[in-house]
Amino acid sequence: MKEELAIFGGPKAVRTDPGDMFVWPIITKEDEDAVLDVLHRRAMSGTDVTKLFEKDFSKWQGCEFALAFSSGTAAIHAAMFACKVGIGDEIIVPSITYWASAAQVFSLGGTPVFAEIDPDTLCLDPKDIEYRITKRTKAIVVVHYCGHPADMDSIMEIAKRHNLKVIEDFSHAQGGLYKGRKLGTIGDVGATSLMTGKSFAIGEGGMLVTNNQEIYDRAIIFGHHDGAHTREIETEYLKEYIGLPMGRYKFRMHQMSSAVGRVQIKYYDTRTAELRKAMNYFWDLLEGVPGLKAHRTPPNSDSNMAGWYAPHGLYRAEELGGLSVTRFTEAVRAEGVAACRPGCNAALHTHGLFNTCDIYGHGKPTRIANSKWDVRENDGRDSLFARLYTHLCI
Ligand SMILES: Cc1ncc(COP(=O)(O)O)c(C=O)c1O
């Protein structure tokens, strides 16, 4: 009954204080000891712990190479360089993601072309990729958004047909599976954030993973000048650059982060399995509630939601007579669920950074500084972002 809703003055449905239900990541004495060891040895800027963490990570990912970075932003930047994205090149990227899936391409002289997301997965919609491909397209950046695996079979098929590289940004989905395959290892290269807000949280840090020696070598030469990494370079044409700071970046991981990472990786799969159990239970309870649909892979399938980063629900206004998601979430908050809000990341094609901002003084927006055409024209094509605000945080 309308009168009974808290938003209309009725009693709140949720009256207990949730308290401190959930603190993440789980930090134990083992993490503390690992960090203290780095400090006591004055090894913060070294590479010994980081090299071991890279070994742990590549084994856990099931891929040949893992290269640790100071952030996910840096790892994605290096992945773009490793895929030879350069002046005038285009990358296709979903508009609904964090800016660091795309913006680094400016530093390479390239530009992002934004594509639509699928309304159920919230990841890049394969149907919206192909007509955005031009002869300057170099790569597709896939984001496994809020833990949900993207439709990799379709995306890989398109990429193969057009000879494009695929970069997986798995910052929201470390450890997740797509049809039994580890996210980050399906494309040519995977890159992830490992910062404290993520499921796999080690402090500030990022990781690049690949099975491709040239991609690995290019990522090294871009931001890792230390001998421990450069001596692994095997690509002939890169050998003459060893010792030169080719990317002009210093992207090495801080060893206090690597130390935490070495401990976290031992327990990550067990801990995230518990999260998945709890989240699936939560969504099972909400099954059939009008207006709401779980943002999740089918339970008991060989794909999963990994650490279920930033849980979202899908909102279906048509099942509630067109009630806006803003109003719906207001009502849920009034009932005592303070965290319930509409939306997610703002669509990148609407950001000033990708429209008007002239970062380097080209006398025109950076997004079109090196392009032969105005890639912004494509932003409005077809249905781009008609699907905004069809989901909510829980
Ligand atoms: C999808 C995505 N990509 C990249 C990043 C950047 O990672 P970092 O903050 O470690 O630089 C983030 C968030 O931080 C993210 O959510």
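Please treat every number below as a calculation from the coordinates, not as lab data. A quick note: this is a predicted structure, and the numbers were derived from the prediction, not measured. Backbone-built Cβ (ideal geometry, glycine too); neighbour counts: all protein chains shown.
Observations
- Efficiency of FRET between LEU244 and ASP374 - r from beta-carbon atoms, R0 30 angstrom, step 0.05: 0.25
- Residue-averaged 222 nm ellipticity for the chain, from DSSP H runs of 4+ at -39500 (n - 2.57), nearest 500: -8500 deg cm²/dmol
- Pairs from the table (LYS84/LYS160; LYS29/LYS250; LYS59/LYS160) lying more than 24 angstrom apart at Cα are LYS29/LYS250; LYS59/LYS160.
- Counting every C-alpha pair in segment 79-172, the share spaced more than 17 angstrom apart comes to 41%.
- Overall form of segment 1-121 per C-alpha gyration tensor (a/c, 1.5; a/b vs b/c): oblate
- Of interest is the spacing of the C-alpha centroids, which for segment 30-66 and segment 338-363 amounts to 35 Å.
- Residue of PHE22, PHE200, PHE282 that the Gaussian network model of the chain assigns the largest fluctuation, springs spanning Cα pairs under 10 Å: PHE22
- Other residues lying with their Cβ under 13 Å from the Cβ of ARG296 contribute a combined charge of 0, Lys and Arg counting +1, Asp and Glu -1.
- Cubic angstrom per residue, convex hull over Cα atoms of segment 29-262: 114 Å³
- Shape category assigned to the chain from the gyration tensor of Cα positions, a/c cut at 1.5: oblate
- Largest mean-square fluctuation among ALA317, ALA339, ALA150, in a Gaussian network model of the chain whose springs join Cα atoms under 10 Å apart, belongs to ALA339.
- Total charge dipole magnitude, the chain, about the Cα centre, Cβ charges on Lys, Arg, Asp, Glu only, Debye to nearest 20: 520 debye
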